[in-house]
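Engineer: Can you keep this structure in mind? I'll have questions shortly.
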Amino acid sequence: MYSIAVIGDRDSALGFKALGLETVFAENGEEAKAAIQRLAAEECAVIFLTEQLAQEIPGEIDRYTNALRPAIILIPGKTGSLGIGVENVNKAAEKAIGFNILKNE
């Protein structure tokens, strides 16, 4: 059965545990990378990852960009949003339909 997981620092990820999601605490990019690889091997369908950790491992995120599973969704961490997650949504929308419908101009 497919699962949903959250990877982030303790403060950012702990609240998701109450929702029944698997939580993996990672304090750096290497721990996050290892967690993503483990979860992907266990057929996790969706991984929520804090932007702070994602910026440390862009190559690992790119590896799963076009894969069916897992979908890696970037979320703000305890220090707030870095804008990376919104930027990725904008890029995906532009790729899917040919232009960015979400751009504020």
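Engineer: Can you classify region 1-57 as rounded, prolate or oblate using the Cα gyration tensor, where a ≥ b ≥ c are the square roots of its eigenvalues, rounded means a/c under 1.5, and otherwise it's prolate if a/b beats b/c and oblate if not?
Structural biologist: Judged from the Cα gyration tensor, region 1-57 comes out oblate (a/c at least 1.5, b/c at or above a/b).
Engineer: Now a separate question. Averaged per residue, what accessible surface does region 13-75 expose to a 1.4 Å probe, in Å²?
Structural biologist: Heavy-atom SASA per residue in region 13-75 reads 54 Å².
Engineer: At R69 and L82, where each label point lies 7 Å from the Cα along Cα→Cβ, what is the point-to-point distance in nanometres?
Structural biologist: 2.8 nm
Engineer: Related question: Whose amide H sits under 5 Å from the amide H of T50, counting only residues 5 or more places off or on another chain, with H placed in the peptide plane?
Structural biologist: I7, I75
The values are calculated or read from the model by the stated rules, or taken from the named source; none is laboratory data. Computed from a prediction, not measured in an experiment: that's the story for all the values here. Positions of Cβ are generated from backbone atoms using ideal geometry, with glycine treated the same way; all protein chains shown enter the neighbour counts. Side chains included, ligands, DNA and RNA excluded: accessible areas come from the protein's heavy atoms. Shrake-Rupley method; radii C 1.70, N 1.55, O 1.52, S 1.80 Å.
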